[in-house]
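Report on the following structure.
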Amino acid sequence: MSTANMARWAHTHNIPLRPRGGASHHTALRAPEQATDAPAILRAAMTSSNARQRLERFAAALPCSTVTEAARALGIHQSKLTTQINRLEKNRGRPLIERAERGRRMQRTPFSRKLAAAAKRLTGLGGRL
């Protein structure tokens, strides 16, 4: 059976499929369940199996002066960290940081402070924030 036919069959029978290149099927299916256990402010951000990683990286970026500096400290590319922060901002519908400009540090928004505090309460992130 081709991939397209399998996807069509699964859609017809209301069977969710994991996204291509994503985590395991079990992990992808558990993401919405885990979101209901998260604090209300984090639920919209917990939309995929990589949500915890995005929150951890966002929290790690907060004390840094720039996104580039934060990415270096995390050992990832700046574009990847920027993409993850942008996805969090899109999921929450609000800006989380004011990007650094020449001669000015990256600043947290008041909403990002609330988000970081909620992430501390989320199991597994408390010690890292």
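Mind listing whichever residues of the range 45-91 are within 14 Å of residue 115 (Cβ to Cβ) and among the small types (Gly, Ala, Ser)? Talk me through it step by step, then tell me what you get.
Kept after step one, since they are within 14 Å of residue 115 (Cβ to Cβ), are these residues of the range 45-91: 45-46, 51-52, 54-62, 84-85, 87-91.
Scanning the range 45-91 gives 45, 51, 59, 60, 61.
Of everything in the range 38-54, what is farther than 14 Å from residue 90 by Cβ and not polar (S, T, N, Q)? Give them in sequence order.
Hits for the range 38-54 are 38, 39, 40, 41, 42, 43, 52.
List the helices (runs of 4 or more DSSP H) that sit entirely inside the range 47-127 and contain at least 3 residues that are over 15 Å from the mean Cα position of the chain (by Cα) and among the hydrophobic types (A, V, I, L, M, F, W, C). Spell out the reasoning first.
Details: elements: 51-61, 67-74, 78-92, 110-121.
Filter on the range 47-127 gives 67-74.
Of the residues 72, 105, which is exposed (fewer than 14 other Cβ atoms within 10 Å of the Cβ), among the basic types (Lys, Arg) and either in contact with a His (Cβ under 9 Å, 6 or more places away or on another chain) or farther than 30 Å from residue 16 by Cα (or both)?
On the way: 72 fails: exposed (fewer than 14 other Cβ atoms within 10 Å of the Cβ).
Just a single option satisfies the conditions, and that option is 105.
Bear in mind that the values in this text are calculations on the coordinates, not laboratory data. Every value quoted in this text rests on a predicted model; they were computed, and no experiment measured them. FYI the Cβ positions are ideal-geometry reconstructions off the backbone, even for glycines, and counts take in every protein chain you see.
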